[in-house]
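S.K.: Quick one: this structure, given as structure tokens, is what I'll be asking you about.
Any read-out appearing in this document is the output of simple, stated calculations on the displayed coordinates, not a laboratory observation. None of the values given here were measured: they were computed from a predicted structure. Neighbour counts are summed over all protein chains in view; Cβ atoms, including those assigned to glycine, are modelled from backbone coordinates with ideal geometry.
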Amino acid sequence: MASWAALSSSIVEYFQGEDFYRCGYCKNESGSRSNGMWAHTMTVQDYQDLIDRGWRRSGKYVYKPVMNQTCCPQYTIRCRPLQFQPSKSHKKVLKKMLKFLAKGEISRGNCEGKGADLSKPPCRKAKEIRKERKRLKLMQQNPAGELQGFQSQGEPRSLFPPKARSNQPKSLEDLIFESLPENASHKLEVRVVRSSPPSSQFKATMLESFQVYKRYQMVIHKQPPDKPTVSQFTRFLCSSPLEAENPPNGPDCGYGSFHQQYWLDGKIIAVGVIDILPYCVSSVYLYYDPDYSFLSLGVYSALREIAFTRQLHEKTSQLSYYYMGFYIHSCPKMKYKGHYRPSDLLCPETYVWVPIEQCLPSLENSKYCRFNQDPEAVDEGRSKEPDRLQVFHKKAILPYGVYKKQRRDPSEEASVLQYASLVGQACAERMLLFRS
């Protein structure tokens, strides 16, 4: 295996369009269909190009739904963090976290309870609400400078936007990093640790991290206690085919696969599994301690990942997107991803990005849609010269054109051509298709 890694290119084994299987979204017993490949090793650039063609990884398995046949078409969605503005409900979640950290307050709905007794949460006083409204009104009306003291109190300088910040709405960073009082009830720290190959910090915390995952699977996904095992956890969320890369102009932490750990008062309460790629931060999975469900950690972590992308962008300018995985319009549980705006969906036929607002009307009419409005448009990255595809056979690397003359096995051709059309010409020429 070491010799494979030494090749420093992606090595994949392709599995042709399997039979229909049970759908994890609508639970249809035989509605889901995808093509897949096992990635022994993969460069971050190849994976970036693959997710821009609708692929996605689960551990080392990389798959692409057969969009026009599967029961719940899964469209790749990306958010544009540089233009992102938190919505009202996003701000609510961030304020809820700040209140919890500052005073230990636990909010339930619009009423805020103090401490642990949630049986009778006292509602906010009308006087407080009036004050808040007056303050907001003042902030909207007042010209620059008059409320300077009001706003800058204890706030770090925002990363975005660099304009005059007088009556600007608070940025995402202002809301996340608002400074806490000296005697704050809780301390939250977010640490990014490399999961593959595992860093020393990752190894030291893996068991604690697994325990959080186990509780999450049992409580949130109703799995029996013996189902979430360490090996299943490792396969699904720790193993990654992505090679770690640390180029001088890249992000400080490098590219590859990471766990973003949320430490509350010295213990892990949530973990966001992410890939850092040349153009984006790609969200893989999030799990959290169910005891902290009241903090809306799914939304909170997505907002932290958007802010993290903006932070990486400051050093690595081409890294400017946040990929949220798949958007499934027909699945209510997966539609929340469309609330992080502005965002785009990937056209499943031409692989161009289309703003989500333009896609939604079509999705209301049909589960499967081509989003590109130009009927003449084609997939520009399609496989045009399959003979140039690279094959890895008997420890030798050779173009498919040469390999097929040696093998003369026509049954293999259909599978290889399908692979080439799905990965596109650039990846077909760079990645090595393993043939035994």
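S.K.: So which trypsin sites (Lys or Arg not before Pro) in region 5-70 end up in coil per DSSP with only 14 or fewer other C-beta atoms within 10 Å?
M.R.: Numbers: sites: Arg22, Lys27, Arg33, Arg53, Arg56, Arg57, Lys60; in loops: Arg22, Lys27, Arg33, Arg53, Lys60.
Filter output for region 5-70: Arg22, Lys27.
S.K.: Lys and Arg at +1, Asp and Glu at -1: add these up for the other residues within a Cβ distance under 10 Å of Gly381 and post the number. Could the numbers behind the result be given before it?
M.R.: Working: positive: Arg53, Arg382, Lys384; negative: Asp49, Asp52, Asp379, Glu380.
Here the count lands on -1.
S.K.: Moving on to the next point. As an exercise, identify the GluC sites (Glu not before Pro) in region 355-435 lying in DSSP coil whose Cβ has no more than 16 other Cβ atoms within 10 Å. Intermediate results must be reported in sequence, preceding the final value.
M.R.: Values: sites: Glu357, Glu364, Glu376, Glu380, Glu412, Glu413, Glu429; in loops: Glu376, Glu380.
Sites meeting the loop and neighbour criteria: Glu376, Glu380.
S.K.: Where nothing but the Cβ of Lys and Arg (+1) and of Asp and Glu (-1) is charged, how large is the charge dipole of region 352-409 around its Cα centre, in debye to the nearest 20?
M.R.: Once rounded to the nearest 20, the dipole reads 840 debye.
S.K.: Whole-Hz ³J(HN,Hα) for each residue in region 49-61, computed from phi via Karplus 6.51 cos²θ - 1.76 cosθ + 1.60 with θ = phi - 60°, x for glycine and proline: what do you get?
M.R.: Result, ordered by residue: 5, 5, 5, 7, 10, x, 8, 7, 9, 10, x, 9, 8 Hz.
S.K.: So, one more: Quote the relative contact order of region 21-104 in percent (integer), defining contacts as alpha-carbon pairs under 8 Å separated by 6+ residues.
M.R.: Values: 76 pairs, mean separation 22.5, N = 84.
Reported relative contact order: 27 percent.
S.K.: Sum up the charges of everything whose Cβ sits under 11 Å from the Cβ of Tyr400, counting Lys and Arg as +1 and Asp and Glu as -1, but leave Tyr400 out. Before the final figure, lay out each step's value.
M.R.: On the way: positive: Arg388, Lys404, Lys405, Arg407, Arg435; negative: Glu385, Asp387, Glu412, Glu413, Glu429.
Charge balance near Tyr400 sits at 0.
S.K.: Quick one, what does Rg over Rh come out to for region 239-388 if you take C-alpha atoms and the Kirkwood Rh?
M.R.: 1.02
S.K.: Continuing with the same structure: Residue farthest toward the positive end of the dipole of region 188-324, with Cβ of Lys/Arg at +1 and Asp/Glu at -1: which of Phe233, Pro248, Val284?
M.R.: Phe233
S.K.: Take the alpha carbon gyration tensor of region 322-373, find the square roots of its eigenvalues, order them as a ≥ b ≥ c, and report rounded if a/c is under 1.5; if not, report prolate when a/b exceeds b/c, else oblate.
M.R.: Verdict is oblate for region 322-373.
S.K.: Treating only the Cβ of Lys, Arg, Asp and Glu as charged (+1, +1, -1, -1), what charge dipole size does region 188-324 show about its Cα centre? Round to the nearest 20 debye.
M.R.: Numbers: 12 positive and 12 negative charges, 56 e Å.
In debye, rounded to 20, region 188-324 gives about 260.
S.K.: Another question, if that's okay. Report the relative contact order of region 265-307, percent, no decimals, based on alpha-carbon pairs under 8 angstrom and at least 6 residues apart. Walk me through the numbers before you get to the answer.
M.R.: Working: 34 pairs, mean separation 13.9, N = 43.
Contact order relative to length: 32 percent.
S.K.: Tell me the Kirkwood hydrodynamic radius of region 188-324 in angstroms, computed as one over the mean inverse distance between distinct C-alpha pairs.
M.R.: Working: mean 1/r = 0.0652 Å⁻¹.
Answer for region 188-324: a Kirkwood hydrodynamic radius of 15.3 Å.
S.K.: For region 26-94 and region 385-436, what is the centre-to-centre distance using only Cα atoms, to the nearest Å?
M.R.: 25
S.K.: Another question about this same structure. First select every other residue whose beta carbon is under 11 angstrom from the beta carbon of Arg430; then total the charges, Lys and Arg +1, Asp and Glu -1.
M.R.: Values: positive: Arg388; negative: Asp46, Asp49, Glu429.
Around Arg430, the charge tally is -2.
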